[in-house]
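Below is one structure, written out as structure tokens, with a few remarks after it.
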Amino acid sequence: SQPDTGEQALEICDALARSGAVDVIVVDSVAALTPKAEIEGEIGDSHMGLAARMMSQAMRKLAGNLKQSNT
């Protein structure tokens, strides 16, 4: 099954990195990592910069865990 939101997908990536169970993590469609607020919002709502902010936060969090686990 697939994660419902971009946040879920990135949390799974983080958990995998911390577990040390995998050597490589591949996200094949960054564009498909839709933030929860965008999914739950109404059509036409403004979500400027939301995906970029989500990715930026996730990359900062993941970077350390990826380095520690040598993923």
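What follows is calculated from the coordinates using simple rules that are stated; it is not laboratory data. Nothing here was measured: the structure is a model prediction, and the numbers come from that model. Virtual Cβ from ideal backbone geometry, glycine too; neighbours counted across all protein chains shown.
Could you list all residues from region 28-59 that are part of a loop (DSSP other than H, G, I, E, B) and surrounded by 12 or more Cβ atoms within 10 Å (Cβ to Cβ)? Full working, then the answer.
Here is the first cut: in region 28-59, the residues part of a loop (DSSP other than H, G, I, E, B) are 28-29, 33-35, 41-49.
Residues satisfying the conditions are 33, 34, 35, 41, 47.
Among residues belonging to region 4-53 that are under 10 Å from the mean Cα position of the chain (by Cα) and of a type in the set (Asp, Glu), point out the one that is farthest from residue 66 (Cα to Cα).
7
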